[in-house]
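One structure below.
A short reminder: the numbers here are calculations on the coordinates, not readings from a lab. These figures come from a predicted structure and were not determined experimentally. Please note: Cβ atoms are built from the backbone with ideal geometry, for glycine as well, and neighbour counts cover all protein chains shown.
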């Protein structure tokens, strides 16, 4: 187990307080990160419907998933065997049967008191059909949106979580170095991705790596204008810029890191853009501390890059932590105008103020933890790739 | 572009025929594999809401996504720039704004005729909230489930798709060999994962690899009883069984492959279980041909393993092809009782008849393409790991 049972119980207590405030007496959790956060469950099984169900008046939640995955739940979660519920394989990707009908029937039979259900209306892996099944099966309940209820509890990390994120930060350093070593004129971009992935999974001599929620993103050459392109098997040409966006992952905790380098000598446009981004990051990191708001952080950035003549209208960062594909972001606080989340110690962010011009993008990023008086980086890796 | 415009237009034509049969005049497609299949769009952007929208009476579909990803759509899809619609970054993971409100408003303004909408009610990355936004924004339309409409068109591959899947099969061979070379007493499981991932992404000297929809699954020791466990950083002990389930991926097309090996000498239970699985596979592959049903294939398997005294009640395979995380399966045909899908040439399946006992699981699998008279394997890799 990654955490003590005490820590899991504290998390549950926070969730139940929020359920109580919202008037929810049963919470259906489908986000795999939230499932992991509350129970420890860890497996690549989120491609089939599954849930953790928290009842306000019961100490221990229930895990509900495919029968084939009950052993995985026994191996990775702290839940008692009688709290692991399952459905048969005939429900998997069936055109006529749905797993959530099984869960709804179980609830109808065993839980008569609960009337107000919360569901994660915008979570990954919770389909409109799954909601329909729950609503029609648990017809005595009302359903309301409890999206982000657990995510908000996740925002302030425990010290143990921070130690895992620092390990993830170490892995990110090793993986970025592997990327730097692999980028050269004539190298195939897929081989750079391979070197990075190897380092991400192998981790360090002291501890191994887990799979990050996003594969390495390696936009190269003019494709640096498209931030979410993965890679090709084309060869890197002299002078090509290469964006490397990756994360280290330890026990599902992430520390993302981005750098942009060139194969060979960088040109002036590249240098100018890089310097604007680096100055903005430095300004922001120098001022981050508990008590300021997310939107303040973004404003510091805008002030700096405006002096360089650039503007950027996308958010410059977001809360990070435990996660699963397809995203390492927590979907709660964003560093952007209007976000009034107040920074607190042990909150963790990925600051990624990329700037994309017509035919060149530069991404440089840092992951940081808010400390008592400022912030601390999760990885230590030079920002500037040229001399 | 991975395919000719002619091929994309043929796919669209098949989809429109099905729309017509179902009485749907606009189809909202959120499954990234379906988006790719119809437009070529390829990017790791499915962590934010996006869509391909097909209008029955318009030749070209629309891509709708985050403004930041329009460049990626220009780079990877065949769509004209005026068919790329987008939303601003203030809609990304916002608690108050939803991207689908933007799409619904656009449809209301530009498309007055369409009345009957199809949505993928069980697709990944289509949330209940997204559906609510479409329904309330396009209040003049009725919505019905069109889940699997495009997936069913995907089932029979073109010859070009088969060449890509054979390349994926070659990559699977290389990746499996990397796994075999890495599994030894004292090796950390994470380092086996790293070696496999490196091989998957690097591919072959002739062509590079793409990221598979699922990371390597490496249940080890007693954890082989839990099929969807990924890996730990613990060391492999002498005699430990290690399941390696992986896929080669080329241009988003998958060829999965599983083997189970032991570090050191396998025991009798392991050998007996392996032999039952291999005999079942051989029996099945010998009889697969166009005209038989998916459920017939499963029955052949049951007959064989029953003679060994084992029974297995989960499905033994499923249709495969182009895909994105979290699954390489197409969710259409399954090799299991009740599935009356008739095999046709150029259908492709992953045959994975794993058997899990109380403390040992053995997975051995093959991916195959149905040919005119039988079937052909996508990878050629010895099934038996001991002599």
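Two-decimal Rg/Rh of the range B:155-286 from alpha-carbon positions, Kirkwood Rh?
On the way: Rg = 15.4 Å, Rh = 15.4 Å.
Reported Rg/Rh (Cα atoms, Kirkwood Rh): 1.00.
Going by alpha carbons, how many degrees (0 to 90, nearest 10) lie between the helix axis of A:294-307 and the longest principal axis of chain A?
Relative to chain A, helix A:294-307 is tipped by roughly 20 degrees.
Pop a pseudo-label 7 angstrom from the Cα along the beta-carbon direction at both residue B:272 and residue A:275 and give the gap in nm to one decimal.
Between residue B:272 and residue A:275, the label points sit 7.5 nm apart.
Rg/Rh for the range B:190-267 to two decimals, with Rh computed the Kirkwood way over all alpha-carbon pairs. List each step's numbers first, then the result.
Details: Rg = 13.3 Å, Rh = 13.2 Å.
Here the Rg-to-Rh quotient is 1.01.
Would you please state which residues of the range B:70-113 a label at residue B:4 would reach in this model, taking the label point 7 Å out along Cα→Cβ and a backbone N cut-off of under 19 Å?
Within reach of a label on residue B:4: B:77-79.
Where in the range B:1-26 does the amide nitrogen come within less than 17 Å of the point 7 Å from the Cα of residue B:115, taken along Cα to Cβ?
Once the point is set 7 Å along Cα→Cβ of residue B:115, B:20-26 turn out to lie under 17 Å by backbone N, inside the range B:1-26.
Rounded to two decimal places and with Rh computed the Kirkwood way over Cα pairs, what is Rg over Rh for the protein assembly as shown? Please report the intermediate quantities before stating the final value.
Values: Rg = 25.0 Å, Rh = 26.6 Å.
Reported Rg/Rh, Kirkwood definition of Rh: 0.94.
Between the range A:64-107 and the range A:132-156, how far is it from one alpha carbon centroid to the other, in angstrom?
A separation of 18 Å, based on Cα centres.
Which distance in Å, rounded to a whole number, links the C-alpha centroids of the range B:222-263 and the range A:196-272?
Taking the Cα centre of each part, the range B:222-263 and the range A:196-272 sit 26 Å apart.
Mind pulling the per residue volume of the convex hull built on the Cα atoms of the range A:159-377? Å³ is fine. Display every interim value, and only then the final one.
Values: hull volume 23.3 nm³, N = 219.
Given the Cα convex hull of the range A:159-377, per-residue volume reads 106 Å³.
Against the longest alpha carbon principal axis of chain B, how many degrees, from 0 to 90 and to the nearest 10, is the axis of helix B:189-202 turned?
The angle comes out at about 50 degrees.
What translational diffusion coefficient, in µm²/s and rounded to a whole number, does the Stokes-Einstein relation yield for the range A:90-149 at 37 °C and a viscosity of 0.692 mPa s, taking the hydrodynamic radius as the Kirkwood radius over Cα pairs? Please list the in-between numbers first.
Working: Rh = 12.1 Å.
In µm²/s, the coefficient rounds to 270.
Mind giving me the FRET efficiency for residue B:205 and residue A:238? R0 is 25 Å, r the Cβ-Cβ distance, nearest 0.05 is fine.
Working: r = 22 Å, r/R0 = 0.88.
According to the calculation, E is roughly 0.70.
Apply 1/(1 + (r/R0)^6) to the Cβ-Cβ distance of residue A:287 and residue A:105, taking R0 = 56 Å, and write down the FRET efficiency to the nearest 0.05. Walk me through the intermediate numbers first.
Values: r = 55 Å, r/R0 = 0.98.
Rounded to the nearest 0.05, the efficiency is 0.55.
Assuming a viscosity of 1.306 mPa s and a temperature of 10 °C, what translational diffusion coefficient in µm² per second does Stokes-Einstein assign to the range A:106-199, Rh being the Kirkwood radius over Cα pairs?
Numbers: Rh = 17.8 Å.
The calculation lands on 89 µm²/s.
Kindly provide the helix-only [θ] at 222 nm of the protein assembly as shown, computed as the sum of -39,500 (n - 2.57) over DSSP H runs of four or more divided by all residues, to the nearest 500 deg cm²/dmol? Walk me through the numbers on the way to the answer.
Values: 20 runs with 266 residues, N = 774.
It comes out at -11000 deg cm²/dmol, rounded to the nearest 500.
State the volume of the convex hull built on the alpha-carbon positions of the range B:1-136, expressed per residue in Å³ and rounded to an integer. If you can, show how the numbers build up before the last one.
On the way: hull volume 14.1 nm³, N = 136.
Cα-based convex hull of the range B:1-136, divided per residue, equals 104 Å³.
Picking from A:82, A:190, A:311, which is most flexible by a Gaussian network model of chain A using Cα springs under 10 Å?
Highest fluctuation of the listed residues: A:82.
Using bins 10 angstrom wide from zero, how does P(r) for chain B break down, in % of all Cα pairs?
5, 22, 29, 23, 15, 6, 1
Can you tell me the orientation of helix A:268-287 relative to chain A, as the angle in degrees between its alpha-carbon axis and the longest Cα principal axis, to the nearest 10?
50
Could you check the spin-label model distance between residue A:306 and residue A:140? Points 7 Å from the Cα along Cα→Cβ, value in nm.
For residue A:306 paired with residue A:140, the spin-label model returns 5.9 nm.
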